[in-house]
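Notes follow the structure.
Read-outs: derived from the displayed coordinates by stated rules, not from any lab. Bear in mind that the values here come from a model prediction, so they are computed numbers and not experimental data. Reconstructed Cβ throughout: ideal geometry from the backbone, glycine too, with neighbour counts over all protein chains shown.
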Amino acid sequence: MTSQIRIFGARQHNLKNLDVSFDTGKITVLTGVSGSGKSSLAFDTLYAEGQRRYVETFSPYARQFLDRMDKPQVDKIEGILPAIAIDQVNPVRNSRSSVGTMTELNDYFKLLYARLSHLHCRQCGHEVHHEDAQRIAGLLAERCTENDPRLVISFAVDVPANFTTEEVQQFLEQQGYTRTHPTPISKPQAKAPTQRLYVIQDRFRLSRAEPARLMEALDTALHYGNGHLTVFAVAADQTEEQWEFSAGLHCAHCDIDYASPQPSTFSFNSPYGACETCKGFGRVMGIDYGLVIPDENKSLLEGAIKPWQTESNRVHQQDLERYAKAAQIRLAAPWNTLSQEEKDWVIYGAPDFKGGTRAWKQQWY
């Protein structure tokens, strides 16, 4: 496909047999006096032809539900792409409005990121993919190119620690498995003590294994491992590497599952996508302590906290003085000489106080 959109002989409305080209992947601005043909070129020619050709790709049944534009008066257009046009309207604004919402571009961006974005693990930073047996086989082929290690395909099974080795072995033999990895890993962080055994599904060198055997081993290990499998790569000197793989959006390195991205994930109007700090408003409410305590040379008794010196808020000043004595806070000392612990007590309250600036914001929305 050409990297340019070329228009030949455009005669739509007041365009006079215009030949022009645009580079794709770049921002192009059309300027000119009123009536020079900017809208005729951008909307009635470029957008009309891009939208018309895109609609033509649908079936006749689907096309009857879509708006269709007339073919523009032009000799030829080359390199045209599917087009999106933003209407010039007077949108209704609210506290969450942005350029993206008022132009409806946000709706397209949400779909774009939900379908084409790349997920990275929040802990290790590795990219997280949907992995199936076919993709895992390709990754193994890349890693085994140089030394062709012996691969041990296995899946993990968590068993209670009070099971004896004989009981575990008997259970596995009933399922047709007779081999396990020799080093079980304990999991003390679980609610009940467990052991993780790696049950061997198959062993082979990738260069000698039939593709059907490889795919069967990977599929079976993913099935019995609930979407997870482990490959032990044993080199010629008997050194061993452990490679973790998993189906779905799961980081095998950190054992963290992720939900598939949805358009709502990228919407600040959705509880799933809104920022936890600003709740999707793009701003936060806070306290300007420079206004609350404008003169740090004053003590608490002298009225360092200015808002509490009015008649209506005097009761808060009285409460402060009463509780500060019990907490051994220096009331007569200037604010700028108080320790950080004393200042925190005044601002945030006692350690067991369920309030302060850490909680008041949540009461507003």
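Relative contact order for the chain: what is it in percent, counting Cα pairs under 8 Å that are at least 6 residues apart? Before the final figure, lay out each step's value.
Details: 469 pairs, mean separation 42.5, N = 365.
Computed over the chain, the figure is 12 percent.
Close amide H pairs (under 5 Å, H built 1.01 Å from N) link ILE256 with CYS251, residues at least 5 positions away or on another chain.
3J(HN,Hα) along region 340-345, derived from phi through the Karplus expression 6.51 cos²θ - 1.76 cosθ + 1.60 where θ = phi - 60°, amounts to 5, 5, 5, 5, 4, 5 Hz, with x in place of Gly and Pro. Amide H contacts under 5 Å for THR24: GLN4, ILE5, restricted to partners 5 or more places along the chain or on a different chain, H placed in the peptide plane at 1.01 Å from N. Between the amide H of GLN201 and those of ILE153, SER154, PHE155, distances stay under 5 Å, these residues lying 5 or more places away or on another chain, with hydrogens modeled in the peptide plane. Histogrammed with a bin width of 10 Å, the alpha carbon distances of region 289-363 distribute as 18, 54, 26, 1 percent, first bin at zero. Per the Debye calculation on region 211-336 with a single equal scatterer at every Cα and no solvent contribution, log₁₀ I(q)/I(0) for q = 0.16, 0.17, 0.18 Å⁻¹ amounts to -0.93, -0.98, -1.02.
If the Kirkwood radius is taken over C-alpha pairs of the chain, then at 20 °C and 1.002 mPa s the Stokes-Einstein diffusion coefficient equals 74 µm²/s.
Using the 10 angstrom Cβ neighbour count as an exposure proxy, how do VAL20, VAL315, VAL29, VAL231 rank, fewest first? All intermediate terms of the calculation are to be shown ahead of the outcome.
Numbers: VAL20 15, VAL315 10, VAL29 5, VAL231 23.
Fewest to most other Cβ atoms nearby, the residues stand as VAL29, VAL315, VAL20, VAL231.
Per-residue ellipticity at 222 nm computed for the chain from its helices equals -7000 deg cm²/dmol, with DSSP H segments shorter than 4 residues left out and the rest contributing -39,500 (n - 2.57).
Each residue of region 316-324 was assigned a 3J(HN,Hα) from its phi angle through the Karplus expression (A = 6.51, B = -1.76, C = 1.60, θ = phi - 60°), giving 5, 5, 5, 4, 4, 5, 5, 6, 5 Hz with x at Gly and Pro.
What list of whole percents do you get for P(r) of region 1-121, with Cα-Cα distances grouped in 5 Å bins up to the one holding the largest distance? Calculated P(r), rounded to whole percents: 2, 9, 14, 18, 19, 16, 12, 6, 2, 1, 0, 0.
Backbone phi angles across region 13-26, fed through the Karplus curve with coefficients 6.51, -1.76 and 1.60 (θ = phi - 60°), yield HN-Hα couplings of 6, 9, 6, 10, 6, 8, 10, 8, 10, 10, 7, 7, x, 10 Hz in residue order; Gly and Pro are listed as x.
Taken over region 127-257, the alpha-carbon convex hull comes to 117 cubic angstrom per residue.
In loop segments of region 282-328 as defined by DSSP, the GluC sites (Glu not before Pro) with at most 14 further C-beta atoms inside 10 Å of their C-beta are GLU296, GLU302, GLU311.
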